[in-house]
Amino acid sequence: MGAVQPGELRKVKARVTSDNGGTLQIRINGTNGPVISEIKVPKTDKWTNIESPVRSAQTGIHDLYVSLKGNGKVEIDWISFQ
């Protein structure tokens with residue numbers, strides 16, 4: 001993706017499914033790094049495309065971490081940033 005300038009990264013999209021719902025957290029710089037977006041995944045038996053805003057984007061190149069908040073189970077087909 002390359003370096004991102006402030007204001008360029010506006011949303012994250014994901015194709016997901018979940019038997020019981022859950023919340024995915026997108027973090028930068030580590031598993032305890034700042035959360036830049038949360039994707040609330042509804043309970044569904046079908047693959048669903050969901051968009052969520054990016055709270056804050058930092059310039060430069062960062063490692064991204066996706067974690068599940070809580071005890072749900074979420075399957076991820078893909079994630080993209082826009």
### Message
Here are the criteria: (1) of a type in the set (A, V, I, L, M); (2) modelled with pLDDT under 95; (3) surrounded by 15 or more Cβ atoms within 10 Å (Cβ to Cβ). Tell me which single one V16 does not satisfy.
### Response
(2)
### Summary
Exactly one of E75, E38, E51 is surrounded by 14 or more Cβ atoms within 10 Å (Cβ to Cβ), touching a strand residue (DSSP E or B) at 6+ places or on another chain (Cβ under 8 Å) and of a type in the set (D, E, K, R), and that residue is E38
### Message
Could you check the stretch 19-78 and list, in sequence order, the residues that are closer than 17 Å to L9 by Cβ, β-branched (V, I, T) and either over 13 Å from the mean Cα position of the chain (by Cα) or not in a strand (DSSP E or B) (or both)?
### Response
V54, T59, I61
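The values are calculated or read from the model by the stated rules, or taken from the named source; none is laboratory data. Keep in mind that this is a model prediction, so the values were computed, not measured. Positions of Cβ are backbone-derived with ideal geometry, glycine not excepted, and every protein chain shown enters the neighbour counts.
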